[in-house]
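Reading through the structure tokens given below for one structure.
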Amino acid sequence: MINTQPDVPQENEINGLDLFPLGTTLFPDGVLMLNIFEPRYLSMIKRYYQRAEPFGVVTLLDGFEVKLPGKEIEIANVGTLAKIVQFDEIQPAMFQIRCVGWRRFKISSRLAAQAGVERANVSLLPEDPQHGLSDELRGCANLLGKFIAQNQARGVKLSQFPFTQPFCLDESGWVANRWAELLVLDPRERVDLLSECDPNLRLSRIKELMDL
């Protein structure tokens, strides 16, 4: 089932947001495919899908995605709202969902878990301004363009890319976010990049990591 226009909050504060800790980091416009089978997440995800509301994805810094008895987890204090754009009930106790990253947020305060689901009050971070690329940073965009072209030549469909279209290769924030997802990085490095509100600085840090 496809839900093409999820509702999104208009305020800068969201209270009682349910969080989904993952070993990966979701960036705005990134695509996330998830198989949902843990009982604590089945009802949560179905509720958010039915309400057409985004839930929060945060990076797991320590611990495991599957809840283990007596084991605590550490999560990042920034994350990304995930909009559910496709929901398939594979069987009564398993959903397959496709999510797209929307707005970044910072956790203002952690709340008590509810039915095993982490919760928090969060503040939305500003969206990236549409900064053009400087000559110094254009090489990052050119390499990303080659990556996209090579995969299209191999027959990879647009729907199979790990990020949404349009391909905004002239925007520093979009290019930085894509490389932050594609590069092999330490989780804390990814979180630091997600936290950076200046898209030019974020891409400059990517350029350094790529040693361009």
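Data table
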{"read-out": "Angle between the chain longest axis and helix 39-51 axis [Cα atoms, degrees, rounded to 10]", "value": "70"}
{"read-out": "Amide H within-cut-off set for ILE36, under 5 Å, with H built and near neighbours excluded", "value": "PHE95, GLN96, ILE97"}
{"read-out": "Nonlocal amide H pairs with LEU125, under 5 Å, H built at 1.01 Å", "value": "ARG104, PHE105, LYS106"}
{"read-out": "For the stretch 134-140, 3J(HN,Hα) per residue [Karplus equation, 6.51 cos²θ - 1.76 cosθ + 1.60, θ = phi - 60°, Hz, x = Gly/Pro]", "value": "6, 4, 5, 9, 5, x, 5"}
{"read-out": "The chain: projected area of the alpha-carbon convex hull, averaged over directions, in nm²", "value": "12.2"}
{"read-out": "Ordering of 82-91, 105-114 by packing [mean C-beta count within 10 Å, highest first]", "value": "82-91, 105-114"}
{"read-out": "Members of LYS71/LYS106; LYS46/LYS157; LYS46/LYS207; LYS46/LYS146; LYS83/LYS146; LYS106/LYS207 lying beyond 31 Å, as alpha-carbon distances in this model show", "value": "LYS46/LYS207; LYS46/LYS146"}
{"read-out": "Amide proton proximity set for PHE20, modelled H, under 5 Å, gap of 5+", "value": "GLY56, VAL57, VAL58"}
{"read-out": "Neighbour net charge for ARG98 - beta-carbon separation under 11 angstrom, K R +1, D E -1", "value": "0"}
{"read-out": "Relative contact order (%) - criterion: Cα under 8 Å, at least six apart; region: the stretch 145-212", "value": "28"}
{"read-out": "From phi via Karplus (6.51, -1.76, 1.60), per-residue ³J(HN,Hα) for the stretch 145-153 in Hz, x at Gly/Pro", "value": "x, 5, 4, 5, 4, 5, 6, 5, 5"}
{"read-out": "Net dipole in debye of the chain [+1 Lys, Arg Cβ; -1 Asp, Glu Cβ; about Cα centre; nearest 20]", "value": "540"}
{"read-out": "Ordering of 179-187, 95-103, 202-210 by burial proxy (mean other Cβ atoms within 10 Å per residue, highest first)", "value": "95-103, 202-210, 179-187"}
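Where a number appears in this text, it was derived from the coordinates with a stated rule and is not lab data. These numbers were taken from a predicted model, which means no experiment stands behind them. Cβ atoms come from the backbone with ideal geometry, glycine included; neighbour counts cover every protein chain shown.
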